[in-house]
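First up is the structure itself, then whatever we jot down about it.
Taken together, the values in this text are just the output of simple stated rules run on the coordinates, not laboratory data. If you're wondering where the values come from, they're calculated on a predicted model, not measured in any experiment. When we count neighbours, we look across all protein chains shown, and the Cβ atoms used for this are built from the backbone with ideal geometry, even at glycine.
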Amino acid sequence: MPSAIEVTGLTKRFKDVVAVDDLSFEVAAGRVTGFLGPNGAGKTTTLRMLLGLVSATQGTATFKGQAYRDLENPVHHVGSVLEATSFHPARRARSHLKVVAMATGLPYARVDETLALVGLTEVATKRVGGFSMGMRQRLELATALLGDPEVLILDEPSNGLDPQGIQWLRTFIRHQASTGRAVLVSSHLLSEMEETVDDVVIVSHGKLVLQTTLADLRNRAGTGGGMRVQTPEAQRLVDVLTAQQVAARWPEPDVVMIDGASPEWLGPVLAQNQIIVYDLRREGGGLEEVFLSLTSGFEAVPQGVPS
Amino acid sequence: MIRLIRSEWLKLRTTSVPWLLLGLSILFTGLGILLSFLSGSSPGGRRAHGGAAWFTPHTVDQLRNLAGSGLGFGDLFIMLLGVLCITTEFRHKTVTSTFLVTPRRGRMVASKLITAAILGVVLAVILLIVTVAAGSIVLSARHGSPSALIHQLPAVAPGMIGVFVLYAILGVGVGSWLTNQVAALIATLGWFLIGETLIGALLNAIHDGLSRWLPGASASALANHTGRNLGSVLLPWWGGGLMMLTYGLVFAAIGSFVMTRRDIT
């Protein structure tokens with residue numbers, strides 16, 4: 001059976017900029033897949049290509065084998081919440097949903113049902129212009145759920161939400177996956193998604209860095225993949241690393257953390273530069289550190305260094 | 001397609017713009033008729049190619065002259081509605097949601113063309129009713145016969161309705177191509193207020209009578225289809241209608257083509 005979402009060799013070139021570069025990944029039904037990467041990694045462009053809003057330079061993106069533009073009544077298959085989607089400020093929340101319901105042949109009863117689902121019943125007849133960020137986000141979610149789709153695509157849905165809103169969103173996303181939906185949710189923060197996702201697709205500079213399960217990612221974080229150096233010459237060490245374009249963190253005055261580095265690589269570097277070391281140990285950073293080293297360090301770490 | 005058209009109508013009626021345009025159309029029609037009553041003549045011939053004669057209550061062209069004074073703005077307003085029904089989507093970025101529902105973008109343009117055309121009929125009929133009603137009052141006050149006005153209705157109405165439908169289509173066509181709302185509105189108003197007169201004069205300098213092929217002149221030809229002798233200034237009424245339709249559909253075709261290839265970011 002084809003995957004809920006399958007992306008194959010997807011590429012987007014804007015004039016001279018390659019925003020998405022030969023990207024391939026899959027999203028399974030009944031699971032939440034985090035689509036992670038720093039801002040500017042090409043996440044939004046990828047999602048918009050999936051939804052037929054942006055044309056792909058190369059490659060394909062399909063839902064159970066069909067491109068979005070070929071879906072008969074796509075709202076019944078794929079629901080999406082995108083950044084920079086907007087509402088006509090003078091239109092009332094209920095009217096906004098009615099417009100979509102009418103276009104896709106859904107009864108208006110479904111509109112009220114969906115409004116209740118996201119907790120907007122009380123403001124259903126208010127103009128969207130007066131809505132807060134959180135309310136708009138809920139209205140977007142209501143729009144996405146209107147057709148009871150089997151796939152949900154959410155682009156940075158927690159942007160602009162307060163802590164309660166984020167908590168509500170987490171529960172909401174988990175619930176959607178538990179009912180068998182495939183959920184693809186993008187974020188530039190892994191920490192925000194840690195409690196929500198089952199799988200991760202990590203991208204940087206438009207390229208796929210890693211597709212795996214969250215459990216596997218946690219494993220990597222647990223079993224090292226980073227070095228902790230205690231040294232009185234922290235400044236000099238950081239300078240040396242910077243000169244070699246290796247990302248390092250400096251959590252304490254005499255401690256330097258090098259994510260993704262192995263002792264086989266770091267030992268010779270320390271010896272060559274005659275850096276005094278008081279303590280040297282493997283230390284896997286937290287999940288977020290692994291994520292950071294996988295993305296920001298993606299090109300900074302020279303070849304031969306495990307990443 | 002019917003669902004899409006009903007959805008488009010829902011989009012329009014849940015915003016204020018169509019109601020504002022309808023209100024203004026009725027207001028201008030009423031004012032035009034009042035003005036003709038006060039001055040004893042018609043302000044018809046708003047545009048050089050309008051071809052309306054001075055109004056006297058006893059000529060056979062009462063209705064058209066009345067219509068010319070009021071409905072003349074109605075055609076601008078219905079075109080603006082056509083422009084706005086598409087450019088508003090880009091201005092408020094609701095187009096993202098629209099294309100998620102209807103990823104085949106040509107269908108979206110088609111549904112807007114049909115919706116605007118239907119509204120063209122509706123607005124023309126409303127304004128004709130307003131004109132006949134207000135005109136009857138004016139004529140009665142000047143001891144004219146309202147029945148003469150009503151008798152002219154079958155002769156005038158088809159042309160007016162045709163003009164409104166075609167201006168609505170032209171508006172959607174322009175909007176689908178010039179999706180920047182401000183640019184589209186300036187282009188439309190500019191053409192109505194001065195553009196056609198200027199370009200027409202230029203064209204006529206090149207070859208006399210060329211200006212009759214322009215959209216406004218084509219509209220006048222269609223509106224005047226009841227056979228007032230306008231010489232060679234205008235196309236025959238059907239020719240004017242065909243030209244208008246061609247302008248509208250060519251713009252819409254270009255617009256759909258460009259829009260289908262456009263990235264919505």
(request) Six or more apart or on different chains, Cβ under 9 Å: which pairs go from a residue in segment A:85-98 that's closer than 19 Å to B:F99 by Cα and facing chain B (nearest Cβ under 7 Å) to one that's charged (D, E, K, R) and in a loop (DSSP other than H, G, I, E, B)? Could you list them? (result) A:T85/B:K93; A:S86/B:K93; A:F87/B:K93
(message) So A:L36 passes all but one of these: (1) without any contact (Cβ under 8 Å) to a residue 40 or more places away in the chain; (2) under 19 Å from the mean Cα position of the chain (by Cα). Which condition number does it fail?
(response) (1)
(message) Quick check on my filter: what residues within segment B:110-144 are within 14 Å of chain A (Cβ to nearest Cβ) and buried (at least 21 other Cβ atoms within 10 Å of the Cβ)?
(response) B:S111, B:K112, B:T115
(request) Say whether the condition of being part of a helix (DSSP H, G or I), of a type in the set (V, I, T) and closer than 20 Å to A:K43 by Cα is met by at least one residue in segment A:240-257. (result) no
(message) Suppose we filter segment A:8-30 for residues that are within 17 Å of A:D155 (Cα to Cα) and either more than 15 Å from the chain's Cα centre (by Cα) or surrounded by fewer than 19 Cβ atoms within 10 Å (Cβ to Cβ) (or both); how many remain?
(response) 2
(message) Any residue that is under 24 Å from the mean Cα position of the chain (by Cα), surrounded by 15 or more Cβ atoms within 10 Å (Cβ to Cβ) and at the interface with chain B (Cβ under 9 Å from one of its Cβ atoms) - is there at least one of those in segment A:109-122?
(response) no
(request) Would you be able to tell me the number of residues in segment A:136-155 that are within 11 Å of chain B (Cβ to nearest Cβ), within 17 Å of A:L71 (Cα to Cα) and not in a loop (DSSP other than H, G, I, E, B)? (result) 2
(request) Please work out if B:V132 is in contact (Cβ under 8 Å) with a residue 12 or more places away in the chain, among the hydrophobic types (A, V, I, L, M, F, W, C), assigned to a helix (DSSP H, G or I) and within 23 Å of B:F77 (Cα to Cα). (result) yes
(request) Can you work out which of the residues in segment A:31-43 that are buried (at least 22 other Cβ atoms within 10 Å of the Cβ) and either among the polar types (S, T, N, Q) or closer than 20 Å to A:V151 by Cα (or both) is nearest to the other protein chains (Cβ to nearest Cβ)? (result) A:K43
